[in-house]
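Engineer: For reference, the structure I am asking about is given below.
Just so it is clear, none of the values below were taken in a lab; they were calculated from the coordinates. This structure is a prediction, so every number in the text was calculated from the model and none was measured. Using ideal geometry, Cβ is built from the backbone for each residue, glycine included, and neighbour counts are taken over all protein chains shown.
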Amino acid sequence: MSDIIYVPIIKTSDAEIRGVENLSEDIKSKITPLFELTRSRKSKNIPRGDIIRRLNRLEEVYGTRQFILDLTADPESRNKQIEDLQDNSKGYKNWINFLDSIKEEFPEIIPVIQISDIGVDNAKDFYDRIKKQAERLNKNFNNIVYRFPLEYEDFKGDLTAVCQEMSGEKIICIIDAGFITQEKSSIYSTKAVSVIEELKDFPLGSIVLAATSFHKNPTEFGGEKYGEFRLEESLFYEKVNSKAKSDLIYGDYATINPMRSQQAGGRGWVPRIDMPTKDLIFYHRYRKSEIEASYAKAYTRVAKLVSNEHRYKVVKKQIGDCWGIEQIELAAEGYPQGLSPSFWISVRMNIHITLRISIL
Amino acid sequence: MAIIRRVSFTQSGNICADDIALIDTPEKLLKFAVDKGLDTIPLDAKGVAEKLGIRVEYISLKEGLSGILYKDKESNSWVLHVNKEHHPNRQRYTIAHELGHFCLHRHLKQRFEDKIFFRGGEPNKPEWQANEFASSILMPEREFKDMIRSGVRNVEELAKEFQVSTLALRIRAKNIGLSGHGL
């Protein structure tokens with residue numbers, strides 16, 4: 001699996017899928033995204049959201065390309081369908097059958113092995129169910145992913161069970177550090193190095209190290225009109241990769257916080273555009289005024305501020321006119337193509353992923 | 001994430017300070033409680049705080065204050081003062097709220113004074129985050145839904161199971177999309 005160079009972890013929300021959809025064909029061919037299946041937006045007709053809608057969208061955007069498929073564990077993004085797919089009965093039969101049922105639409109899928117102890121009260125039963133799942137996945141797929149949170153302590157037990165059913169070479173292991181901060185970065189990297197050391201007991205195909213430092217609400221920590229944050233995930237990866245003396249693959253959350261944001265609701269929002277660079281993200285933000293009362297005018301103003309920055313020009317020079325850069329340019333010229341925070345999340349992601357590929 | 005674990009089948013040993021630093025979500029805190037052999041329904045909030053190295057003290061606080069969480073400079077350890085005049089359910093909520101600050105915000109501030117809970121205001125602000133954290137650990141979504149499915153739908157009964165106030169329960173029900181269940 002040495003052809004994998006970057007694993008962005010992407011939830012199947014509207015904003016994130018749009019960011020991926022608008023990547024160039026060249027960039028799409030260079031990344032191996034992990035799509036974390038979430039429910040669709042709740043509506044009057046679908047009060048709990050639907051995963052089929054998300055799958056249809058995924059098919060449009062990424063159908064025949066290679067990607068990793070996982071199920072979300074975020075309570076805000078799950079529904080009964082996802083809970084059922086994570087059911088461990090009969091060796092995770094629901095998940096296995098589901099993967100079989102979508103193989104035609106998604107021929108290059110790499111599934112994530114599911115681990116759940118719900119309804120299980122002893123270790124033997126717990127590992128037997130994992131083994132049964134691994135046995136079926138081994139028959140049906142060339143590679144599988146084992147993804148676990150950095151603080152998870154039982155990964156060796158899980159991997160021992162999985163490796164009894166398949167060659168370790170088939171396994172791509174993703175160590176997911178989740179949300180990391182500058183303050184805790186050294187603790188996380190020490191922990192990651194020791195986890196990687198323990199993984200050396202297993203003959204794994206490859207190891208991905210993923211994290212994100214994007215705040216759930218950046219303006220809480222940055223300024224009212226301007227703010228900037230270090231991209232800790234990049235520094236974290238470099239530090240761990242050099243300390244662990246291991247050939248790790250870079251992964252991140254493509255500038256998204258792991259937890260789903262609750263809708264602010266009713267009071268509107270303050271237009272903000274985030275601009276990723278190599279080591280940090282900066283943003284400009286502008287509250288629409290009585291003079292510039294429309295969101296369009298406010299986004300134009302913010303886009304001008306962003307595109308006038310030297311750091312913006314450096315990134316633009318490096319990656320050229322990707323979709324995200326085009327959106328900022330259009331907005332700065334007075335033609336913003338989207339007036340919602342969700343649209344500008346897609347723009348941020350799109351630029352970040354494109355830039356990462358040019359760096360890695 | 002592919003992993004949903006509530007019980008550890010392996011002997012993990014004692015958690016160290018570095019591992020405590022990694023507890024920054026309600027799910028991780030509940031996993032920690034399970035690993036430590038503490039009750040999660042209803043949550044032994046005081047037990048969790050103590051296992052995290054926080055000293056919990058029930059004392060008289062000036063009017064309106066529910067709790068204070070601060071880092072004691074002399075002992076270099078965290079202390080949680082809970083208003084001893086309050087109802088036990090309120091005290092549990094206070095501890096859970098302060099656990100939210102401890103897990104999410106202690107690198108930003110070393111003293112938190114809390115007066116009124118359930119107030120409105122800006123989502124995503126630290127107080128709101130601590131409230132959300134408290135609700136999530138006292139009334140975990142999965143267990144809440146399991147109880148509803150198993151037929152426990154009376155507000156008072158549910159509040160009794162989780163040992164929270166009916167107001168806290170109703171707010172949690174609304175936030176996890178269960179407000180249509182006679183709640």
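Engineer: Of the beta bridges DSSP finds with both residues in chain B, what % are antiparallel, to the nearest 5? If you can, show how the numbers build up before the last one.
Structural biologist: Details: 11 of 16 bridges.
Roughly 70 percent of the beta bridges in chain B run antiparallel, per DSSP.
Engineer: What does the structure give for A:331-338 when I average, per residue, the other chain Cβ atoms found within 10 Å of the residue Cβ?
Structural biologist: Working: counts 0, 0, 0, 0, 0, 0, 0, 0.
Other-chain Cβ atoms within 10 Å of each residue's Cβ, averaged: 0.
Engineer: Here is a further query. With each pseudo-label sitting 7 Å past Cα toward Cβ, what's the A:LYS313-A:SER194 distance in nm, one decimal?
Structural biologist: 4.8
Engineer: Shielding by partners for A:70-80, please: the mean number of other protein chain Cβ atoms within 10 Å of each residue's Cβ. Can you show the working numbers first?
Structural biologist: Numbers: counts 2, 3, 2, 6, 3, 8, 4, 0, 3, 1, 1.
Per residue, the average neighbour count from other chains is 3.
Engineer: Also: What lysines could a cross-link reach from A:LYS297, if we take a straight Cα to Cα line under 17 Å and drop same-chain neighbours fewer than 8 places away?
Structural biologist: Within the straight-line limit of under 17 Å, A:LYS297 reaches these lysines: A:LYS225, A:LYS288.
Engineer: Could you pull out the pairs from A:LYS90/A:LYS124; A:LYS28/A:LYS304; A:LYS11/A:LYS239; A:LYS131/A:LYS156; A:LYS184/A:LYS316; A:LYS28/A:LYS245 whose alpha carbons sit more than 20 Å apart here?
Structural biologist: Numbers: A:LYS90/A:LYS124 14 Å; A:LYS28/A:LYS304 29 Å; A:LYS11/A:LYS239 26 Å; A:LYS131/A:LYS156 14 Å; A:LYS184/A:LYS316 32 Å; A:LYS28/A:LYS245 29 Å.
Long pairs (Cα-Cα over 20 Å): A:LYS28/A:LYS304; A:LYS11/A:LYS239; A:LYS184/A:LYS316; A:LYS28/A:LYS245.
Engineer: Considering the zone a paramagnetic label at A:GLU59 would reach in this model (a point 7 Å from Cα along the Cα-to-Cβ line), which residues of region A:92-106 have amide N under 18 Å from it?
Structural biologist: Counting only backbone N, you get A:97-106.
Engineer: Using alpha carbons only, how many degrees (0 to 90, rounded to 10) separate the axis of helix A:323-332 from the longest principal axis of chain A?
Structural biologist: So the helix axis and the longest Cα principal axis differ by about 20 degrees.
Engineer: If a helix is a whole DSSP H run, which ones in chain B reach 24 Å or further along their own axis (Cα) and hold a mean Kyte-Doolittle hydropathy of at least -1.0?
Structural biologist: Details: long enough: B:88-105 (25 Å, -0.77).
Qualifying helices, which must be both long enough and hydrophobic enough, are B:88-105.
Engineer: Helix A:232-244 against the longest principal axis of chain A: what's the angle in degrees, Cα atoms only, rounded to the nearest 10?
Structural biologist: With rounding to tens, the tilt is 40 degrees.
Engineer: Arranged from highest to lowest average of other beta-carbon atoms within 10 Å per residue, in what order do the peptides A:75-81, A:144-150 appear?
Structural biologist: In decreasing order of mean packing, A:75-81, A:144-150 become A:144-150, A:75-81.
Engineer: Also: When only Cα pairs under 8 Å and 6 or more residues apart are kept, what is the percent relative contact order across region A:162-212?
Structural biologist: Details: 48 pairs, mean separation 32.5, N = 51.
Over region A:162-212, the number comes to 64 percent.
Engineer: What number, in percent, do you get for the relative contact order of chain B if the mean sequence gap of Cα pairs under 8 Å and at least 6 apart is divided by its residue count? Show your work: numbers first, answer last.
Structural biologist: Working: 226 pairs, mean separation 35.5, N = 183.
Relative contact order, chain B: 19 percent.
Engineer: Roughly what would the spin-label model give for A:LYS93 and B:GLU57, points 7 Å off Cα along C-beta, in nm?
Structural biologist: Reported label-point gap for A:LYS93 and B:GLU57 is 5.8 nm.
Engineer: Give, in nm to one decimal, the length gained when the segment between B:LYS125 and B:LEU167 is fully stretched (0.36 nm per residue of separation minus the Cα-Cα distance).
Structural biologist: Residue separation times 0.36 nm, minus the Cα-Cα distance, leaves 13.0 nm.
Engineer: Excluding residues fewer than 8 places away in the same chain, name every one of the lysines whose C-alpha is closer than 25 Å to that of B:LYS46.
Structural biologist: Here the lysines satisfying the reach criterion relative to B:LYS46 are B:LYS28, B:LYS31, B:LYS36, B:LYS62, B:LYS71, B:LYS73, B:LYS84, B:LYS109, B:LYS115, B:LYS125, B:LYS145, B:LYS160.
Engineer: Please get the size of the charge dipole for the protein assembly as shown, origin at its Cα centre, with Cβ charges of +1 on Lys and Arg and -1 on Asp and Glu, quoted in debye to the nearest 20.
Structural biologist: Working: 80 positive and 78 negative charges, 242 e Å.
For the protein assembly as shown, the charge dipole is close to 1160 debye.
Engineer: Please give every one of the aspartates and glutamates within straight-line cross-link reach of A:LYS139, meaning a C-alpha to C-alpha distance under 18 Å, and leave out same-chain neighbours fewer than 8 residues apart.
Structural biologist: Partners within reach: A:ASP100, A:GLU104, A:GLU108, A:ASP128, A:GLU165, A:GLU169.
Engineer: By how many degrees, 0 to 90 and rounded to 10, does the Cα axis of helix A:123-140 deviate from the longest principal axis of chain A?
Structural biologist: The helix A:123-140 is inclined about 70 degrees to chain A.
Engineer: Below 8 Å, C-alpha to C-alpha, sequence gap of six or more: please give me the relative contact order for region B:140-183 in percent.
Structural biologist: On the way: 22 pairs, mean separation 16.0, N = 44.
36 percent.
Engineer: Within region B:47-70, which residues have the backbone N less than 19 Å from the label spot 7 Å out from B:ASN76 along Cα→beta-carbon, could you tell me?
Structural biologist: Flagged as within label range: B:52-55, B:70.
Engineer: If I model a spin label as a point 7 Å beyond the Cα along the Cα-Cβ vector, how far apart are those points for A:GLU25 and B:LYS160 in nm?
Structural biologist: 6.7
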